[in-house]
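Colleague: Take this structure first; my questions come after.
The values are calculated or read from the model by the stated rules, or taken from the named source; none is laboratory data. Everything quoted here is computed from the prediction, not taken from an experiment. Cβ atoms come from the backbone with ideal geometry, glycine included; neighbour counts cover every protein chain shown.
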């Protein structure tokens, strides 16, 4: 049986580990922020590589290779920068107790894609109405999906499809203008004001655009290379 001294020691150790993880995570994000400020293209390339690694296990769940999938992965990569590892754990701790107690979960942005539960629910409703292959989900199932990389990726893609259909400016083929419009809608930036907010929003939209372009180029190149290899064999 643990005594108070041992318990306090364990709490202190856990606190030190968590504190160290937070510090390391903040330093890494600050380092990347400096890279964004100094070399946007290098930052975008790094994010696209991160996205490829993150979604590699998810590809069997989606029709990979199309432009909207690449755009969804770009959003996933950029949105993942907004919260650290510990913050994402806290999001889960805040959402899951509601499912156990029957209380309503708070409607805030969660998971790697930073998607609101209400937005995800609206996208599912839209997908059902437009004959998309989606299944109804309970609030618990929906929040669990949003907290995972693969589930968040699926939902981002559905949200983008919904926004493209609803917004006249966000038409395909996807270009800088349409992606900027989608980024405003996705991130709720239409009402953001102030000089600092304007700069942050511009960087956000540019990152989305450049990561998307890099992912699309990589995947088309890989597709062409794969086709040539298949022809040779």
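Colleague: If you go through the stretch 51-68, how many residues are in a helix (DSSP H, G or I) and either surrounded by 17 or more Cβ atoms within 10 Å (Cβ to Cβ) or modelled with pLDDT of 70 or more (or both)?
Modeller: 10
Colleague: Quick check on the stretch 69-105: of everything there that is modelled with pLDDT under 70 and assigned to a loop (DSSP other than H, G, I, E, B), which residue is nearest to the chain's Cα centre (by Cα)?
Modeller: 84
Quick grid of which residues meet (1) closer than 19 Å to residue 212 by Cβ; (2) assigned to a helix (DSSP H, G or I); (3) at pLDDT 90 or above; (4) in contact with a strand residue (DSSP E or B) (Cβ under 6 Å, 6 or more places away or on another chain):
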{"site": "135", "(1), (2), (3), (4)": "no, no, no, no"}
{"site": "143", "(1), (2), (3), (4)": "no, yes, no, no"}
{"site": "157", "(1), (2), (3), (4)": "yes, yes, yes, no"}
{"site": "171", "(1), (2), (3), (4)": "yes, no, no, no"}
